[in-house]
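The values are calculated or read from the model by the stated rules, or taken from the named source; none is laboratory data. All values derive from a computational prediction rather than experimental measurement. Quick reminder, even Gly has a Cβ in these numbers, built from the backbone with ideal geometry, and neighbours come from all protein chains shown.
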Amino acid sequence: MEQKVWDQAAPQYDEEIFDTFANDRDKVLQRALEKVVQPHATCCDFGCGVGRTVPFLAERAREVVAVDFSAASLEIAKQNNKDRDNVRILQQDLAESKPPFCRADVGLLMQVLIMPDPQLREGILSTVHKNLRPGAHLVAVVPSLEVTLLTYQRIGQWFRRDGSSFSEAAKEMRDSAQHEVVSLAEGIVKISDTPTKHFLREEVLMTFGDARFEIVQLDKIEYSWEADFEEPPTWMQDPYPWDWLVVARKSP
């Protein structure tokens, strides 16, 4: 997504951009960060947006480098953290190949690898790898492609429970998929009409392995079904929708 689009979205960021950290039902992301962020650590929040997780990191680490390519988002992040002397705000396009701008012990890459272009995603992972110390940890969150199909199954289940026939429910499932799925083979599915990269579990292993990271944890960050549906029925509980949480270590 272009910088100007994120600049325009910045004032409504909290209302329009899903908050992974706040909506994590079981605090899986929080626990993962608490495990790897040490008091002596330098943390880099790659693609920090308006800096939602910066306060959490700043309370636990020696230094936090908050990086994004949206000037408007970074201005909000700067204002929100103006009283923290261990936070450094930096504008940087992560997809560009440039000299390292930090030497982090821990990196956070939350919902950043979402653009359809694989070359951009590869460039971002290369930049992240370059800015981490040897043996450093990377905590990443990416959308799940499996959940896309689960969501369509939930739509069919919902219509069936409300009295629709099997054929009517199947039509609703197909209609939703036809509107949202850009390329199933590539894992590109629209979120709020924006084509967004989604990952299979095995694809996560392949992607981070190819980028010279050793995965030490692959888990689910589960959310309420309200993240996908407006006013879901009360019976719609487990299995919940999820994103993939990746904790990886930088390989040489």
* To do: Looking for whichever is under 22 Å from Leu108 (Cβ atoms), at pLDDT 95 or above and not acidic (Asp, Glu) here; the options are Gln237, Gln217. Which one fits?
  => Gln217
* So is Gln38 at pLDDT 95 or above and farther than 25 Å from Tyr223 by Cβ or not? -> yes
* Kindly establish whether Ser144 is touching a strand residue (DSSP E or B) at 6+ places or on another chain (Cβ under 8 Å) and under 22 Å from Arg25 (Cβ atoms). => yes
* Considering only residues of the stretch 230-252 that are of a type in the set (Phe, Trp, Tyr) and either in a strand (DSSP E or B) or free of Cβ contacts under 8 Å to residues at least 60 places away in the same chain (or both), which is nearest to Leu33 (Cα to Cα)? -> Trp244
* Asked: How do the pairs read when you match residues in the stretch 122-135 that are in contact (Cβ under 8 Å) with a residue 40 or more places away in the chain with residues anywhere that are among the basic types (Lys, Arg) and not in a strand (DSSP E or B), using Cβ under 8 Å and keeping only pairs 6 or more apart or on different chains?
  -> Thr127/Lys98; His129/Arg212; Asn131/Arg103; Leu132/Arg103; Arg133/Arg103
* Asked: When you scan the stretch 102-213 for strands (runs of 3 or more DSSP E) that lie fully inside it, which ones turn up with 2 or more residues that are over 17 Å from the mean Cα position of the chain (by Cα), closer than 18 Å to Leu245 by Cα and assigned by TED's automatic domain parsing to the domain that holds Phe229?
  -> none
* Kindly establish whether Lys220 is among the charged types (D, E, K, R) and part of a strand (DSSP E or B). => yes
* Structure fact -> Residues of the stretch 1-35 being modelled with pLDDT of 95 or more and either in contact with a Gly (Cβ under 6 Å, 6 or more places away or on another chain) or not in a helix (DSSP H, G or I) (or both), in sequence order, are Asp24, Arg25, Asp26, Lys27
* For the stretch 197-215, state whether one or more residues are farther than 23 Å from Leu120 by Cβ and either hydrophobic (A, V, I, L, M, F, W, C) or without any contact (Cβ under 8 Å) to a residue 24 or more places away in the chain (or both). => no
* Asked: Can you name the residue in the stretch 52-80 that is closer than 20 Å to Asn131 by Cβ, part of a loop (DSSP other than H, G, I, E, B) and not hydrophobic (A, V, I, L, M, F, W, C) and is also nearest to the chain's Cα centre (by Cα) among such residues?
  -> Thr53
* To do: Considering each of Gln178, Gln237, Gln217 in turn, give the residue that is surrounded by fewer than 13 Cβ atoms within 10 Å (Cβ to Cβ), in contact with a helix residue (DSSP H, G or I) (Cβ under 8 Å, 6 or more places away or on another chain) and on the phi < 0 side of the Ramachandran plot.
  => Gln237
* Structure fact -> All conditions in (1) among the acidic types (Asp, Glu); (2) in contact (Cβ under 8 Å) with a residue 40 or more places away in the chain; (3) in contact with a Pro (Cβ under 8 Å, 6 or more places away or on another chain); (4) under 17 Å from Thr20 (Cβ atoms) are true of Glu186 except (4)
* Asked: Can you name the condition, by its number, that Gly187 falls short on among (1) within 17 Å of Glu122 (Cβ to Cβ); (2) modelled with pLDDT under 95?
  -> (2)
* On the given criteria, is Gln237 closer than 28 Å to Gln119 by Cβ and over 19 Å from the mean Cα position of the chain (by Cα)? -> no
